[in-house]
Amino acid sequence: MDQSEIYKLREQMQADLWPKFVNSIEIEGLRGWSGQSVQFKFPVVAVVGENGTGKTTLLKSLACCYEAAEKSDTYYPSDFFQDTPWDRVEGVAIKYSIKQGDTIQSYRISKKTSRWNFGDNRPKRKVIYQDISRTLPIDATAGYARIAKMGKTETTSENISNENLTHLSHVLGRQYESARFAKSDVSAHSVGLFKRSFGEFSQYHQGAGEDATLDLFRILETIPQTSLLIIDEVEASLHPKAQRRLIDFLMKLSRKKRCQIVVSTHSPYILEQLPQEARVLLVPGSQGTNVIYGASVEFAMSRMDDQVHPEMAVYVEDREAEIWLREILVSDENRAQVVDRLDICPVGPANVVQTMGALGAEGRLPTLKNLAILNGDKEPSQGCIVLPGEYAPEVVIYNELKEKNWADLPERIGIGAGTLFADLEDIMTDPEHHNWNRKLGDKVRKSHLSVWETLVSEWVRTCLTDTDKERIYRSVEDVLAQDC
């Protein structure tokens, strides 16, 4: 993750430097969308979710929010959502909120029965929509076979700039001497060519990732300022390193040209390069698509995994909270088997836990039984209980063990009491409690999760009250006992 680029983008967002920006879009009556709204909180946003949750529908609806300077470059809902002998598109409403200069305006596109209605004229903006067809090999694309068979003479050539050639080489991990697009004497279609140390080769002989990325960079070469760029399955045909580098490049492009970029993905490598506010997870539910903001990469991936889940999903903030909860639940050998019935899933910051708790309480998640558990520094809310204490987990565990003179930690960790106590006192002077486990792990040559598990286990043995223990057991058991 390029933290410096993310920091710059956040600063510019806070300074309101994007003169054109889609703030939100609401979709009603299209392919599983029943009035849900998606907000865009970062200049580059990745939409993730399993197949059929509505990612492509969202991207296509977004492409229709604006008019281009030329009518031929404008996207219309009828381009994407057509009536067929098997499907009838009606009862549709697409509402969106757009920032234009210093004002925010709302627009609506609808289709009650047979015709699309645009109400007021759509605002003007360059929109570039790249669907999955961009990954189709050139020799399988209409019109290009004729060039390969009949073309004899190159008539024109258009080079990728040196600056973008450098970025292109970095993304693909190859040193290209040049990249260009040429036309022949038999067609107006262009063919991309790369040049490396061993010579020049066309898209007919490039790998799928090279082919698709070269075409994308041709578009980005001349993308106008403040454009809206939409890419479906942005990772298609790219290896993990190239995926990460492409997202880094798109963030730089967004900052430089004030472009808004929205992509869909199934890739953890894409999500890992983006901050939490740039991730939008779509989860299917009993009442249509649910929209989750800021989900952890692990949670987003687990929602798309084909695995059998236990009876109940328990949502927590992070791995530290997962380990703490698990240690509490196995502390009573007569009730410890309850853990085998749970899928304890770290989902991200408190707002994500709260969202999952509320959706579960309202019966809007596909998992029949759900409970969300916040860290103790948050208040209980709909569908959510809290872990012990009134502070973050590290603060609670370290301070309460300190009050017990660190209990049996020296024996558990295998280090002398004097040395360990001095290290712990020093570590706790760091005002950022998230660093404590890592620092302790470095001191005793163990992983941060290993030392945390030891600390939590000792805390459960010496500090856990019967009241907190019973409260957490009872909350979990009550949900498991519900009839669904």
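The values are calculated or read from the model by the stated rules, or taken from the named source; none is laboratory data. No experiment lies behind these values; they were computed from the predicted model shown. Please note: Cβ atoms are built from the backbone with ideal geometry, for glycine as well, and neighbour counts cover all protein chains shown. With ligands, DNA and RNA removed, areas are computed over all heavy atoms of the protein, side chains included. Shrake-Rupley method; radii C 1.70, N 1.55, O 1.52, S 1.80 Å.
Suppose we filter the stretch 197-238 for residues that are in a loop (DSSP other than H, G, I, E, B) and either in contact with a Cys (Cβ under 9 Å, 6 or more places away or on another chain) or over 27 Å from Lys8 (Cα atoms) (or both); how many remain? Write out each step before concluding.
Keep residues of the stretch 197-238 that are in a loop (DSSP other than H, G, I, E, B), which gives 197-198, 206-207, 222-227, 232-238.
Keeping just the survivors that are either in contact with a Cys (Cβ under 9 Å, 6 or more places away or on another chain) or over 27 Å from Lys8 (Cα atoms) (or both) gives 197-198, 206-207, 223-227, 236-237.
The qualifying residues number 11.
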| strands (runs of 3 or more DSSP E) completely within the stretch 9-79 that count 1 or more residues being among the hydrophobic types (A, V, I, L, M, F, W, C), open to solvent by less than 10 Å² (accessible area, probe 1.4 Å) and closer than 18 Å to Pro275 by Cα | 33-39, 44-48
| field | Residues located in the stretch 375-394, provided they are closer than 14 Å to Arg471 by Cα, outside any loop (DSSP other than H, G, I, E, B) and touching a helix residue (DSSP H, G or I) at 6+ places or on another chain (Cβ under 8 Å) | value | Cys384, Ile385
| request: Could you please tell me which pairs satisfy a Cβ distance under 6 Å, a separation of 6+ or placement on different chains, a first residue in the stretch 447-461 that is open to solvent by 40 Å² or more (accessible area, probe 1.4 Å), and a second residue that is assigned to a helix (DSSP H, G or I)? | output: Ser447/Gly441; His448/Asn437; His448/Arg438; His448/Gly441; Glu453/Ile323
| task | Can you tell me which residue within the stretch 160-186, out of those that are under 34 Å from the mean Cα position of the chain (by Cα) and in a strand (DSSP E or B), is surrounded by the most Cβ atoms within 10 Å (Cβ to Cβ)? | result | Ala179
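Do we find a residue being in contact with a strand residue (DSSP E or B) (Cβ under 8 Å, 6 or more places away or on another chain) and open to solvent by 20 Å² or more (accessible area, probe 1.4 Å) anywhere in the stretch 243-252?
Of all residues in the stretch 243-252, those in contact with a strand residue (DSSP E or B) (Cβ under 8 Å, 6 or more places away or on another chain) come to 247, 250-251.
Checking the rest, the ones that are also open to solvent by 20 Å² or more (accessible area, probe 1.4 Å) come to none.
No, there is no match, as no residue in the stretch 243-252 is in contact with a strand residue (DSSP E or B) (Cβ under 8 Å, 6 or more places away or on another chain) and open to solvent by 20 Å² or more (accessible area, probe 1.4 Å).
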| request: Search the stretch 462-484 for residues being part of a loop (DSSP other than H, G, I, E, B) and crowded, with 16+ Cβ neighbours inside 10 Å, and hand back the single one that is nearest to the chain's Cα centre (by Cα). | output: Leu464
| Name the pairs: first residue in the stretch 406-417 and in a loop (DSSP other than H, G, I, E, B) and open to solvent by 40 Å² or more (accessible area, probe 1.4 Å), second residue at pLDDT 90 or above and not basic (Lys, Arg), Cβ to Cβ under 7 Å, at least 6 apart or on different chains? | Asp408/Glu458; Ile415/Val444; Gly416/Pro410
| field | Single residue of Val22, Val38, Val48 found to be among the hydrophobic types (A, V, I, L, M, F, W, C) and within 20 Å of Arg258 (Cα to Cα) | value | Val22
| note | In the stretch 112-134, residues that are assigned to a strand (DSSP E or B), of a type outside the set (A, V, I, L, M, F, W, C) and in contact (Cβ under 8 Å) with a residue 40 or more places away in the chain total 3
| task | Please state which of the following conditions Ser296 fails to meet, knowing it meets all the rest: (1) polar (S, T, N, Q); (2) over 25 Å from Ser133 (Cβ atoms); (3) out of contact with any Gly (no Cβ under 6 Å at 6 or more places or on another chain). | result | (3)
| Test result for Ser302, among the polar types (S, T, N, Q), surrounded by 21 or more Cβ atoms within 10 Å (Cβ to Cβ) and at pLDDT below 85 | no
| Taking Glu90 and the conditions (1) touching a residue at least 60 places away in the same chain (Cβ under 8 Å); (2) within 28 Å of Ala300 (Cα to Cα); (3) charged (D, E, K, R), which numbered condition does it fall short on, given that it satisfies the others? | (2)
| Output for the stretch 217-265, where each listed residue is over 21 Å from the mean Cα position of the chain (by Cα) and within 21 Å of Lys41 (Cβ to Cβ) | Thr226, Ser227, Lys256, Lys257
| Inter-residue pairs, beta-carbon under 9 Å, first within 12 Å of Asn290 (Cα to Cα) and open to solvent by 10 Å² or more (accessible area, probe 1.4 Å) and in the stretch 340-365, second in a helix (DSSP H, G or I) and among the β-branched types (Val, Ile, Thr), 6+ apart | Gly360/Val479
| said: Condition check: touching a Gly at 6+ places or on another chain (Cβ under 6 Å), open to solvent by 20 Å² or more (accessible area, probe 1.4 Å), small (Gly, Ala, Ser) and at pLDDT below 90. Does Ser237 satisfy that? | reply: yes
| Within the set of pairs 6+ apart or on separate chains, which have a first residue in the stretch 208-230 that is open to solvent by 40 Å² or more (accessible area, probe 1.4 Å), a second that is of a type in the set (D, E, K, R) and modelled with pLDDT of 85 or more, and C-beta atoms under 7 Å apart? | Pro224/Lys126; Gln225/Lys257; Gln225/Arg258
| query | If you scan the stretch 253-264, which residues turn out to be free of Cβ contacts under 8 Å to residues at least 40 places away in the same chain and surrounded by fewer than 19 Cβ atoms within 10 Å (Cβ to Cβ)? | reply | Lys256, Lys257
| query | Could you give every pair whose Cβ atoms fall below 6 Å, whose first residue belongs to the stretch 269-290 and is more than 15 Å from Lys55 (Cβ to Cβ), and whose second residue is part of a helix (DSSP H, G or I) and aliphatic (A, V, I, L, M), counting only separations of at least 6 or pairs across chains? | reply | Glu272/Val297; Gln273/Ile247; Pro275/Ile6
| task | Return the residue satisfying two criteria in turn: it lies in the stretch 323-373 and is part of a helix (DSSP H, G or I) and of a type in the set (Lys, Arg), and of such residues it is modelled with the lowest pLDDT. | result | Arg341
